[in-house]
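Working notes for the structure below.
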């Protein structure tokens, strides 16, 4: 029996529409239009932290597609207590204001977008903007102090991309404190880095005693200690710095390469996320003309660095190094959880190669790892391929841990 041609045409059109609909559904679902993609949770031990996290992430199907962004609050089972679409913003700096409120600063990934500061109550879903008209944006980082912000900005007029630390009045947007790295780096420290990005400062924190700023310079493989009252440089730790660097008793040129985050957890004891990007000891492993962001021998890891200002030595006193497929050339975060374990964020959206540039069977995106002090993995939140996470903030029930409650009074 020969089917009537109009009927056959209608059936074909219906089948095409069904197929296109299914493709569109899965594509939109991946990009988060039906809610942000959730992680797969792996438990390797019982002593993991049973708390709540807040973070932002972007998700894109490819490097060419426009990412969709979210800010989420996630419990320890990988479920979202709340989420908000943050459009195309990738760098979300988050601070907890109260039991159910967080301050979210959405820093644009390019200067065509306007930065936004928001207060979000994830219990009620209420989101309100503050600081409209006040641009507190910097090249990197946003630290909240009592009544003002601290950020990193480029040296104005300098073509080499050297960084400064600035304090910004939260009401007027005026700079009230300024320190420049310009006198420290008279020569280009990284031969593989762009001509206009000599230092690439990516983190600034305050010392435990409140007297100093610590600023991490990614492209110099070092971090600096600056006196907040005198604005004087106390020392530089890292490659070409003031300390002799030791690992397992052996002197090294550098203990880390293009790192993120520097957090003092005890006097002169620091946590750091070592990306191991542009590692100068195996640059010959990179084939000429290949993309340096692809892994050719790198192993990102979490490290603890202890400095001795008497002997002027620095050494790695704790580390955790996951398999090579977790390598993240950029992004990265590290912190101490309330239970004493270490949280690490291996945040790049594409984990799909081993160190020898061999494709792994099941590629994945960003991964959040909880590791104990015996360097054992106890919990993992593994996100789908294409999901990128920069920082993660663990949330607290203790009001003494809240930062920036004065922000609620701003409009």
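Values in this text are rule-based calculations from the coordinates and carry no lab data. Being a predicted model, the structure only gives us computed values, none of them experimental. Cβ sites come from the backbone with ideal geometry, for glycine too, and all protein chains shown count toward neighbours.
For residue 41 paired with residue 100, estimate the spin-label separation in nm (one decimal), with each label point 7 Å from Cα along the Cα-to-Cβ line.
The modelled label-to-label distance comes out at 2.1 nm.
Any idea what the relative contact order of the chain is, in percent, if you count C-alpha pairs under 8 Å spaced at least 6 apart?
15
What ranking do 151-164, 326-339 get when scored by the average of other Cβ atoms within 10 Å per residue, highest first?
326-339, 151-164
At 0.36 nm per residue, and after removing the present C-alpha to C-alpha distance, how many nm does the segment from residue 266 to residue 196 gain when stretched out fully?
Roughly 21.7 nm would be gained on extension.
If I stretch the segment between residue 230 and residue 126 completely, what's the gain in nm (0.36 nm per residue apart, minus their alpha carbon distance), one decimal?
33.2 nm
Over region 261-411, what is the relative contact order in percent, taking alpha-carbon pairs closer than 8 angstrom and at least six residues apart?
That works out to 18 percent.
Mind giving me the nanometre distance, one decimal, between the label points for residue 240 and residue 318, set 7 Å out from Cα along Cα→Cβ?
3.2
Quote to one decimal, in nm, the extra length available between residue 361 and residue 311 on full extension: 0.36 nm per residue of separation minus the C-alpha distance between them.
Length gained between residue 361 and residue 311: 13.2 nm.
Would you mind computing, in nm to one decimal, how far apart the modelled labels at residue 174 and residue 156 are, each placed 7 Å from Cα along Cα→Cβ?
1.4
Hey, what did region 105-228 get for relative contact order, percent, Cα under 8 Å, at least 6 apart?
Computed value for region 105-228: 15 percent relative contact order.
In degrees between 0 and 90, to the nearest 10, how far off the longest principal axis of the chain does helix 5-30 point, with axes built from Cα atoms?
In the chain, helix 5-30 runs at an angle near 20 degrees to the longest axis.
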